[in-house]
Amino acid sequence: MKTLILLTITTILFAQSTLVDGLERASAKHKREACLMAKQIARENYNVEDMNVGCNCERSDAREWMCFVRFKYIKEPQH
């Protein structure tokens, strides 16, 4: 009986560990997508000359990703 209880507790602990890892991988996927979207928006709105490879992303209280992208752009000549 003790072995069964120990086995059940161990199984639950290992199952929770696997679940947490899966959630972190899913979160990382959404972070990459948010970073790509931020870079695309920057390229659409500015004449980007050089852009850093990565992004600094964090989740807001509303559970939305906010990403900050560092880039250099060429200012459009004034007419």
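In the range 48-60, the residues that are farther than 14 Å from Arg32 by Cβ form Cβ pairs under 8 Å with partners that are at pLDDT 90 or above and among the aromatic types (Phe, Trp, Tyr), at six or more places apart or across chains, as follows: Val48/Phe71; Val48/Tyr73; Glu49/Phe71; Glu49/Tyr73; Asp50/Phe71; Met51/Phe71; Asn52/Phe71.
Filter the range 36-56 for residues that are surrounded by 15 or more Cβ atoms within 10 Å (Cβ to Cβ) and modelled with pLDDT under 90 and give the result.
First, the residues of the range 36-56 that are surrounded by 15 or more Cβ atoms within 10 Å (Cβ to Cβ): 38-39, 42, 46, 48, 51, 55.
Within the range 36-56, just Cys55 meets the criteria.
Matching residues to (1) part of a strand (DSSP E or B); (2) under 18 Å from the mean Cα position of the chain (by Cα); (3) farther than 21 Å from His30 by Cα:
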| residue | (1), (2), (3) |
| --- | --- |
| Gln40 | no, yes, no |
| Arg43 | no, no, no |
| Glu49 | yes, no, yes |
| Gly54 | no, yes, no |
| Cys57 | yes, yes, no |
| Arg63 | no, yes, no |
| Cys67 | yes, yes, no |
| Lys72 | yes, no, yes |
| Glu76 | no, no, yes |
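Among the residues in the range 12-27, are any within 18 Å of the chain's Cα centre (by Cα), open to solvent by 80 Å² or more (accessible area, probe 1.4 Å), of a type in the set (Lys, Arg) and at pLDDT 85 or above? Scanning the range 12-27 turns up no residue that is within 18 Å of the chain's Cα centre (by Cα), open to solvent by 80 Å² or more (accessible area, probe 1.4 Å), of a type in the set (Lys, Arg) and at pLDDT 85 or above.
The values are calculated or read from the model by the stated rules, or taken from the named source; none is laboratory data. Note that the coordinates shown come from a computational prediction; the quantities given were computed from them, not determined experimentally. Neighbour counts are summed over all protein chains in view; Cβ atoms, including those assigned to glycine, are modelled from backbone coordinates with ideal geometry. The accessibility values were calculated without ligands, DNA or RNA, using every heavy atom of the protein model including side chains. Shrake-Rupley method; radii C 1.70, N 1.55, O 1.52, S 1.80 Å.
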